[in-house]
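Remarks on the structure that follows.
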Amino acid sequence: MDKKSLLQDSQEMGISSKGKKEYEKFLTGGKLTMKQSIIAFCYDCAGFYSNGKEDCEVDTCPLYPFMPYNKSKKDKSDLVTIKGFLKTNISAADMEKLRLEQSEIEKDSG
Ligand code: SF4
């Protein structure tokens, strides 16, 4: 199926949902970021969410942690993300300590 046909299908069957705008942007020649590409891919894979904005529950899919309607996504309090780390207030001394620890880890790993 070509991009024009997919765009038509998306416009006719796709519901307003995360990834729709990005998917249609891609099909009309727009460039996407990695995050936009993931949600556009899920939108396509999930049949344009024409049956509703549901969790696909395919936990064997590598994209599942990033799936926009993944119900378990909200429960990630135990995960440390770079973004979250950068938002924390950290002293210069602690930052230096982390740098030293990181360089020790890199030395050990060869
Ligand atoms: S996470 Fe689900 S909707 Fe997204 S690509 Fe994988 S199977 Fe498809």
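The table below gives the values:
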read-out	value
Selection within the stretch 45-64 - part of a helix (DSSP H, G or I) and more than 8 Å from the ligand (Cβ to nearest atom)	Gly47, Phe48, Tyr49
Sole residue being closer than 30 Å to Asp2 by Cβ, away from the ligand (no atom under 16 Å from the Cβ), surrounded by 13 or more Cβ atoms within 10 Å (Cβ to Cβ) and modelled with pLDDT of 60 or more, chosen from Lys20, Lys25, Lys31	Lys25
Residue in the stretch 88-96 that is under 14 Å from the mean Cα position of the chain (by Cα) and modelled with pLDDT under 95 present	no
Pairs with Cβ under 7 Å, 6+ apart, first in the stretch 43-66 and over 17 Å from Gln11 (Cβ atoms), second more than 9 Å from the ligand (Cβ to nearest atom)	Lys53/Ser17; Asp55/Lys71
Residues of the stretch 34-87 that turn out to be modelled with pLDDT under 95 and in contact with a Pro (Cβ under 6 Å, 6 or more places away or on another chain), as a count	0
Near pairs, Cβ below 6 angstrom, 6+ apart or cross-chain, from the stretch 25-41 (part of a loop (DSSP other than H, G, I, E, B)) to any residue that is within 14 Å of the ligand (Cβ to nearest atom)	Leu32/Glu22
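The values are calculated or read from the model by the stated rules, or taken from the named source; none is laboratory data. In this text, all values refer to a predicted model and were calculated from it rather than measured experimentally. No Cβ is skipped: glycine too gets one built from the backbone with ideal geometry, and neighbour counts run over all protein chains shown.
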